[in-house]
Structure formats: structure tokens, C-alpha cells
Amino acid sequence: MSALLSIKDVAVHYGGVKAVDGVTITVEQGIVYGLVGPNGSGKSTLLGAISRLTRITSGELSFDGHDYTHWTPQRIARQGLGRTFQTVRLVPTLTVEANIRLGADTRVFGTGIFKPWLRPLWYRPRDKEVTDIAREAIARLELESFRDRLPDELSYGTQRRVEIARALATNPSLLLLDEPTAGMTDEERDSISEVIRRLRREGLTQILVDHDVDMITGLADTMGVMDQGHLIIEGLPRDVVRDQAVQSAYLGRRQRADS
Amino acid sequence: MNINHLYLANLVSIENTMIYVVLSLSFFVVLRAGVFSFANVGFYGLAGYSTAIMAKDHVPPLLAALIAVVACGIIGFIFGLSVRKLRGTYLGLFTIAFVLVLQVLYRNAGTITGGSLGLFGVPQFLPVWALLVIAIIVGVVIWRLSRGSIGRSFEATRLNESLAQSVGIEVARRRLVAFTMSSVLGGIAGVMYVSSFRSITPDSPGFNLITLGLTMVVLGGMASWQGAIVGGILIAWLPNILIGPLQPYQILVNGLILAAMVVFAPRGVAGIAERVYRRYRRKPAPIAATGGAPAGDSPAADVAALAEQPAVQSGEKL
Ligand SMILES: Nc1ncnc2c1ncn2[C@@H]1O[C@H](COP(=O)(O)OP(=O)(O)OP(=O)(O)O)[C@@H](O)[C@H]1O
Ligand SMILES: [Mg+2]
């Protein structure tokens, strides 16, 4: 196995707040890396740093052999890094299907603005390709009946599924999922777990952030725990959940909140 | 009544219709990309004045107009490149300042610009049919830029930048294209104006024109090109609809329309049309599928969202 993603000493500081403070992670090809941690421990910020949407204070990022520390987020996205967001981000004016097509657009059409004008010769065949990609993602997340709906008309759980479908339409080689099951019913939660499991079998590397430790231990090959901007432990899920430091990171917070 | 008579009686409104459609689209094209800019009005004036000045210097007016529009594109591109870090209200204010500074320049450049009286006696070089052709070409270009993958990319750029980036869209380049296009369209509208009215004064490319353009876009429905066109047409014919004693208060009426639309029909005429359409079909209007029509968000909210963007792009909270 080889490392698909490796980040070194990554820090994100907001003034005095050290949201992420010196995190080093290596994610092997084909695994699911589960990331847990109390609220505000820096998980989302770390995903932001990895996807280059959040400016890092220091550290190095490397993906698939490229040092992308100074790349733009759109460039690393086109290189194969896909993601979803903790707060669902969909384009409210576009239908579910159009939102998902958005994922396939740049990969198929490129970033230019002039070539799509060559309608019959250049655009049509590619548009068909986008349609196929979008339909496949729609089928995978069982969104067929929502295709022509607008995001506002959907439940939160369904919106999340649309977002995951869009991320898949980018054909990522690494997928970052930030709390993909938040706000979902148990049934939806199970179906998302199944999607993640199937994607893993197909060889897709994933970083999965969630509060549901049971779900993470059931899905992840490697598990990391963050607390106050640090990665406090990393290892096999069954070892990690038994660890003393992890217990106290969670319990410590709870006691502080209680008092 | 005789058709010819009707045509002549309404000639000003007919010419205004074409000019306003192009002007309205020049507003639409930047707002749609999430760029809060009124620089197009500055380019309207620049193109109008430079055409008039060159024509006075015996440059064939059509050639002069062509040079002016191309120059608008080049300057617009450089302008856009240099303000690409400015966001929201800051860019809005900066471009208003640009418009106002140009007005001061026109007033004080002596015989070159004719001072506060402006320039008169520009030969008409674009007959009415040419105005129509230009308006149609511009409309088609905007339509093409609103459908399919390009339309989607502009929607995403406006409504959620980080999402757009996460799917690989070059948002800064999209905005620059929009800014440049808007400069060119503003220039074209200015050229159409100076040909039709054969004159230009420092007052025409000013704050009133900004209000007028915004009224068009909001009236028609800010998030769709069809709306922008409808808005341009409606505003062009408003003076004819306003009955006698109201006519002197046209600016006031425009303001009232703007306020009323924002409160009662925030998605404009196009929004009302789409609502009716959806009621019949229980499906979104087809344009929504390809990337144009507004839905949940109101244009008022859009404008507000644009205005609230931070001044300079920064690492954002996810
Ligand atoms: N843009 C920002 N400006 C200032 N502080 C920020 C910013 N973004 C995040 N933070 C702070 O950084 C810390 C980490 O936040 P982050 O959202 O990464 O945590 P998290 O682990 O994802 O939490 P949750 O489980 O609640 O999603 C928090 O204290 C948060 O308040
Ligand atoms: Mg989070």
C-alpha cells in the first residue's frame, strides 16, 4: 500500500485560536480513515485545510505524489480530491440533477468558457457523458424520485445525499465526508453506511468525520481522534476506542459542560 | 392609426428598448456571477464620449464605435484583474466612485468633452434595425452563457463560492469574464445611445443610470436573463404608460417600483411567470434544470448576500 494523502505538521490558527495545531496524517490508498473528536476539536478545519479551502498557517500537503501546499482549492479538486460539507452546500437555484451535474462539469468540460459554444460537435457528446455520470451518482444514492426537485423542497437527509452524489460525480480518488449522516434518520444513516462500505470495496479512499463513534468503528480501517487541534491518537478503531486518552478527551468535555 | 405614424411617435421608446435591453444585460451579467459592480455604467459613458469625440475628429463613427467597444473590453479586463480581490459592497462603492470620477472628468475636460453641456451633433450611425440586431446578438450571447455547464458554473460561483471551488470551478476567472463582458455590454449600450440621441452629456452615465439599470434587473427578476430583458423593455416603455401629470416624476416612480418589487415580488416578473408555470406543471421551469431561473432565494437576498461578502477574500470558516 502507498500513501495517497500525506499532511505534515499542518496548523490553522485564527488569531489566538489554534483550530488545528500541528497535525500529521498519512492516508493509505484504498482505506477509510475515520476521524472523531469533541465539538470544536478542529475536524472540519482540518478537512478545510486538506481541501485547501481554509488557509493553513503552516505545514505541508501532498496528494498522489504532488506537493499541493500552495495550490488553489479548485486545482486540487480537479486533481481528484472531492468533499462534502458539514453544513450542506447546494446551489438553491439548480435542481437536484443540475447540482449533481455540477460535480461532473469541470472534469468533462474543462474550465474554459468558449469551447462549450461548439454545441453539436463538442458540447453534446460531453453533455451526454455528464448525464451518464450524474445518473449513476443519482442511482447510487437513490435520488431518482428527486431529480427535478429544488434543494429547498427536500429533507435535510436527502440534501446530504445530493451533496454526496455531487462529490461522487467529481470522480474523486479521495473523498472527504464531513458528518455525512448528521440530521439523518436511522434508516438513512444505514443506507449511507452501506454506500461508504460499497465505495470502499470499489477502492475509493475516504476520510470520514462523524460524531457517531459506533458508525466510525464499523466503517473505518484507521481511526484518529482529535482534541483541541491535536491528533491525540491514531490506530485500529477497536484499539482507539479503548484508549484512556480518548475516554478522557470525551469525558473531560462532558464534565466541563456539566459543571 | 397609420403604422408609420405610430412608429415615429414611439421612436424614442423603440430605441430605448434596444439600449435598455443591452444595458440591463450588462448589469445582469455581473450580478449573476456574484460580482457587485456598476463599472458598466462607467464604460457606457466612456464608450459614448470616445465615440462622439472621435466622430468629431472625422473618424468614421462606426469605426469609432468599434474602437470604443474594443477598448472597453481591454480596459474592463485590466480593471477586473486589478479589483479581483475586492468584494461585495466595497467593490460596489469602488465602481460607483469610478462612475462619479468619470463624470467630473467629462465636466471639466473643456472643449474635448464639451463641459457640462456635453457633445452634440454626433451623426446617427446605427439605424433602428441595427440596434435591434445588436440587442438580439447580445441576448443570444447571454442566453448561451446561461445554459448548460456554463450557466451552472455561474450559479455556483454566485451562490456558494467554496462549493464551486470544491468541484473545480475557476471562480476568479468566471468573475473576470463576467466583469469584462459587462464592460463590453456597457460600452455597446453607450454607443447605441450616442448614435440614437446624437449627443451625450455628463449627466447621462451617472447615478441615475445605475438606479435605472438596477430597477430593470430587479423588476424583471435578477436571476434570469429573460427577466433582465423583460425589465429593460418595461422600463423603456414606462414613460409612455405613465399618464400625463406623473411623467415628470419618473425617477420617483422607478424608485417606488424598485421598492415594491423587492417587497412584494422579490423574484421579479420572471419569478411571477415561473410560479404560474410551476403551478401548472408541478415541475420546475426547464431553465432551472439547466441553470438560470431563480428558486428559493430572492434577488433581494442575493443582493444582500453580495453586499455582505467580506471586503477581501480570506480563508473562510467551513
Ligand atoms: N473562521 C474561523 N475563525 C475563528 N475561529 C474558527 C474559525 N473556524 C473554526 N474556528 C474555531 O476552530 C475550532 C475548531 O472548529 P471546527 O469547526 O474545526 O471543529 P469541529 O471538530 O469540526 O467541531 P464540530 O464537531 O462541532 O463540527 C473551534 O474552536 C472554532 O470555533
Ligand atoms: Mg465540524
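Read the figures in this text as sums done on the coordinates, not as results from a lab. Given the structure is predicted, the values throughout are model-derived calculations rather than measurements. All Cβ positions, glycine included, derive from the backbone under ideal geometry; neighbour counts span all protein chains shown.
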- Query: Under a straight-distance cross-link criterion of Cα-Cα below 14 Å, which aspartates and glutamates are reachable from A:Lys115, leaving out those fewer than 8 residues away in the same chain?
  - Reply: A:Asp105, A:Asp127
- Note on the structure: Non-local residues with an amide H under 5 Å from the amide H of B:Ala109, with H modelled 1.01 Å from N and Pro and chain starts lacking one, are B:Gly115
- Angle, helix B:11-32 long axis vs. longest principal axis of chain B, Cα atoms, 0 to 90°, nearest 10? 40 degrees
- Note on the structure: Note on the stretch A:1-118: contact order normalised by length, alpha-carbon pairs under 8 Å, 6 or more apart, percent, works out to 23 percent
- Message: What distance in nm lies between label points placed 7 Å from Cα along the C-beta direction at A:Arg55 and A:Glu153?
- Response: 4.1 nm
- Query: In what sequence, highest mean first, do A:181-191, B:188-198, B:259-269 appear when ranked by Cβ atoms within 10 angstrom?
  - Reply: B:188-198, B:259-269, A:181-191
- Only residues of the stretch A:18-45 count here: report those whose backbone N is under 12 Å from the spot 7 Å along Cα→Cβ of A:Leu236, or say none. none
- Query: Once fully extended, how much extra length lies between B:Ile137 and B:Ala9, figured as 0.36 nm per residue of separation less the alpha-carbon to alpha-carbon distance?
  - Reply: 43.5 nm
- Calculate one ³J(HN,Hα) per residue across the stretch A:129-140 by plugging θ = phi - 60° into the Karplus curve 6.51 cos²θ - 1.76 cosθ + 1.60, and present them in order as whole Hz with x for glycine and proline. 4, 4, 4, 4, 4, 5, 4, 5, 5, 4, 5, 4
- Relative contact order (%) - criterion: Cα under 8 Å, at least six apart; region: the stretch A:67-194: 40 percent
- Task: Partner chain Cβ atoms within 10 Å, averaged over the residues of A:161-168 - can you pull that number for me?
- Result: 1
- Residue-averaged 222 nm ellipticity for chain A, from DSSP H runs of 4+ at -39500 (n - 2.57), nearest 500: -12000 deg cm²/dmol
- Message: For chain A, what does the relative contact order come out to in percent, with C-alpha contacts under 8 Å and a separation of six or more?
- Response: 27 percent
- Based on the Cβ-Cβ distance of B:Thr89 and B:Leu252, what FRET efficiency does E = 1/(1 + (r/R0)^6) give at R0 = 30 Å, to the nearest 0.05? 0.75
- Here, A:Thr111 and A:Glu142, labelled 7 Å along Cα→Cβ, have an inter-label distance in nm of 3.8 nm
- Task: Please find the FRET efficiency linking A:Arg197 to A:Gln86, where r is the Cβ-Cβ separation and R0 is fixed at 25 Å, and quote it to the nearest 0.05.
- Result: 0.70
- Per residue of the stretch A:86-93, in order, report the coupling 6.51 cos²θ - 1.76 cosθ + 1.60 (Karplus, θ = phi - 60°) as ³J(HN,Hα) in whole Hz, putting x for Gly and Pro. 4, 9, 3, 10, 10, 8, x, 8
- Query: In whole Hz, what ³J(HN,Hα) sequence does the stretch A:188-199 give by Karplus (6.51, -1.76, 1.60; θ = phi - 60°), x for Gly and Pro?
  - Reply: 4, 4, 4, 5, 5, 4, 5, 4, 4, 4, 5, 4
- Using mean Cβ contacts within 10 Å as the protection proxy, how do A:26-34, B:104-112 order, highest first? A:26-34, B:104-112
- Excluding same-chain residues fewer than 8 positions from B:Lys85, which aspartates and glutamates have a Cα within less than 18 Å of its Cα? B:Glu161, B:Glu170, B:Glu308, B:Glu316
- Item | For peptides A:208-216, B:56-64, sequence by mean Cβ density within 10 Å, most packed first | A:208-216, B:56-64
- Item | Spatial separation of Cα centroids for the stretch A:14-53 and the stretch B:104-153, in angstrom | 51 Å
- Classify chain B as rounded, prolate or oblate from the Cα gyration tensor: take a ≥ b ≥ c as the square roots of its eigenvalues, call it rounded if a/c is under 1.5, otherwise prolate when a/b beats b/c and oblate if not. oblate
- Query: Can you give the mean number of other chain Cβ atoms that lie within 10 Å of the Cβ atoms in peptide A:96-104?
  - Reply: 5
- Task: Report, by chain and number, residues whose modeled amide H sits under 5 Å from the one on A:His66, excluding near sequence neighbours (fewer than 5 apart, same chain).
- Result: none
- Mind checking the mean number of beta-carbon atoms from other chains within 10 Å of the Cβ atoms in A:45-56? 3
- Which cross-chain or sequence-distant (5 or more) residues have an amide H under 5 Å from the amide H of A:Leu4, H modelled 1.01 Å from N in plane? A:Val27, A:Glu28, A:Gln29
- Report the semi-axes of the equivalent ellipsoid for the stretch B:109-159 in whole Å, largest first, where each axis is √(5λ) for an eigenvalue λ of the Cα gyration tensor. 38, 19, 6
- Note on the structure: Simple spin-label estimate for B:Arg144/B:Asp203, 7 Å along Cα→Cβ, in nm, reads 4.0 nm
- Taking only Cα atoms and a 10 Å spring cutoff, compute GNM fluctuations for chain B and point out the largest among B:Leu252, B:Leu25, B:Leu86. B:Leu252
